[in-house]
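Heads up: the structure comes next, in structure tokens.
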Amino acid sequence: MEFYLIAILSLIALMAYFLILKPLVPLLILKLQLGDKAILMFYPISGLLGVFTKSIKNNHDVMETMNKALRKNPKAKVILSNYFTTPCILITGSEYIKDTFLDHNDFEKINPFMLPSFIQRGLLMMEGEDWKRQRKFLGSAFTFEKLKSRLPMMNKVVQSIAEKDDKKNLNDFMARITGEVVIKSFFGELAEGLQLEGKDAQIALIQLTGEIGLMQIENIYIFLKQLLFKERAWDIFPGQKEKDIVRRVENLKMKVKELIVKRIEQLRENPIQDEGKMVFLDLYVTEYLKQQKQKEQQIEIEEILHQFITLFFAGTDTTATTSGTCLYYLAKYPEIQSEILEEVQQVIGNNDVNEENLNKLNKINALIQEVFRLKNPAFVTLFRTVKQDKQVQEIKLKKGWVIVQMQNANSIQDSHFDNATEFNYKRWLNKGNVIKNDNGFIHIPFAAGPRNCIGQHMALMEAKIIIALIVRKYKILLNPAVEQIRFGVKFLQCVEPDNCLLFEKRI
Ligand code: HEM
């Protein structure tokens, strides 16, 4: 009896140590050191993810709990929380954000999917020399000059999907558009009619990446398993759902590899000379074949596959939720919708959005910036681990701790924006200083520093075309059947429920 009692007490003590003391003690020491520069948000087990989910439940807004705390403590530079049993430091001060973005080599991104052979060799996750090589190679394809040749394709995709889609699910509607744009930008005509799981490729892919992302948030068993076993978690006592995901991922990889191999054979026979006519895959394959000829193979088929999944993952939901949130605000504020419609009629009339008129859509650009400021889909960056003990300003980060940059932390501070919590897109139309006390790291929706978003020009082009063409064709209304709008997460921050808007054809 006594033995069992001792065993149980030891177990409780051990759990208390791992779940509470281990993460909490260093956080308390930091809090003592930093005083009002730090806000403590420690919750055993659930940690930072729990703060997000509770905020949605209590405030209908994933960021509201943090935003309230930051507004109450404008001196705060970090939020001290936990990622299960590890201290997790949420960086909020603009100087601290700057340091961690510039010293990006000192941190390693945690794979959001924890799936082997999925995105690890793509630009988002790559590190060191391989990352530099990829960034240089892809960088030239993502300049405005190179991307503008995709404008006609983007117009066509928006128009045809708007026509076909039943528009009852805002987030799916938007993601169908942005997913198809990424697929067409990567594969061109080669992916025409591509089906996965009996569905259009972009729909199958959106569902797959969405389900994987949500599984970790919604299922504590899977979250813990992945925390402990990383990519191997999928092989350890997998449930039916996990087995199904693994099967679908293998099927996807096989189909995409087939396309890549087919293109390698096509371009081996008939190389394309004009770079302007190349989609991303052609650029890759041309370089692949050149390296093969010179016997200096750096690019492999696996890398091309990971790059496609990376660009799909990084480029689809981000742009879709930004555009969806813009449309939500147009429905919420009909007077803004009229102003935007007027701009569209004046600037593009009945034409497509093209190279000349795109940059004259100033009001649409301002609307997008305001959505980025208050409801950026990428509300925090990917979680990162600290590679070696590291000093950031006066904070000593320990090897193995987790950090996250809260890139919008300063958006809601009156010290940086007039009436910071008010939705006012017109602030971005002022020619003067919109951002007060700006060190260049205050309004950074696409992150900042060497690892900022490579797709930002593409994202802005797409979002502007989506908003312009949809507003011209449809009156956007709030769905009266929806009682409560929330800013939740489907991996990224997005407006919910999915049926929150109605689209009424303009005559
Ligand atoms: C509104 C739309 C978008 C937003 C808000 C956005 C935001 C971001 C952010 C915040 C990062 C940094 C992530 C981190 O460090 O944890 C990032 C990186 C990245 N984004 Fe985007 N993104 C958008 C659209 C796109 C598009 C359209 C593409 C490409 C098709 C893209 C491709 C990438 C890639 C490859 C990276 C990694 C860059 C590197 O590490 O060198 N993004 N994006």
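What follows draws every value from the coordinates through simple rules; no lab data is involved. Source: prediction; values computed, not measured. Don't worry about glycine lacking a Cβ; one is built from the backbone with ideal geometry, like all the others, and counts go over all protein chains shown.
Structural remarks
- For residue 397, the residues 5 or more places off, or on other chains, whose built amide H falls under 5 Å of its own are 390, 391, 392.
- Cβ-based net charge around residue 493, under 12 Å, with every Lys or Arg adding one and every Asp or Glu removing one: -1
- Under the criterion of Cα pairs below 8 Å and six or more residues apart, the relative contact order for the chain equals 22 percent.
- For the chain, the membrane-span-like helix rule (DSSP H, alpha carbon extent of at least 18 Å along the helix axis, mean Kyte-Doolittle at least 0.5) picks out 2-16, 22-34, 170-187, 201-218, 456-473; this says nothing about an actual membrane.
- Cβ-derived FRET efficiency at R0 51 Å, residue 261 paired with residue 12, nearest 0.05: 0.35
- The alpha carbon gyration tensor of the chain gives principal lengths a ≥ b ≥ c with a/c of 1.5 or higher and a/b no greater than b/c, which makes the shape oblate.
- Taking 28 Å as the limit for the C-alpha separation, the pairs 136/473; 57/464; 72/396 exceed it in the case of 136/473; 57/464.
- Sum of -39500 (n - 2.57) over DSSP H runs of 4+, divided by residues of the chain (222 nm, nearest 500): -16500 deg cm²/dmol
- Where labels lie 7 Å past Cα in the beta-carbon direction, separation of residue 169 and residue 149 in nm: 3.5
- If the Kirkwood radius is taken over C-alpha pairs of segment 357-507, then at 10 °C and 1.306 mPa s the Stokes-Einstein diffusion coefficient equals 88 µm²/s.
- Note on segment 2-505: antiparallel DSSP beta bridges, both residues inside, total approximately 75 percent of the bridges counted.
- Between residue 422 and residue 29, the modelled label-to-label distance comes to 4.6 nm, taking each label 7 Å out from Cα in the direction of the beta carbon.
- Charge tally for residue 342 (other residues, Cβ to Cβ under 12 Å; Lys, Arg +1; Asp, Glu -1): -1.
- Gyration tensor verdict on segment 140-297 (Cα atoms; rounded if a/c is under 1.5, prolate if a/b is larger than b/c, oblate otherwise): oblate
- Gain in span if fully extended, residue 473 to residue 159, counting 0.36 nm per residue against the direct Cα distance: 112.1 nm
- Put a dot 7 Å past the Cα of residue 130, heading toward its Cβ, do the same for residue 394, and the two dots end up 4.1 nm apart.
- On the principal axes of its alpha-carbon atoms, segment 1-100 has extents of 56, 33, 22 Å, going from largest to smallest.
- Of the residues 372, 137, 229, 3, the one with the fewest other Cβ atoms within 10 Å heads the list, and the complete ranking is 3, 229, 137, 372.
- Positive-end residue, segment 2-505 charge dipole about Cα centroid, Cβ charges, pick of 428, 80, 454: 80
- Listed from fewest to most Cβ neighbours within 10 Å, the set 71, 427 follows the order 71, 427.
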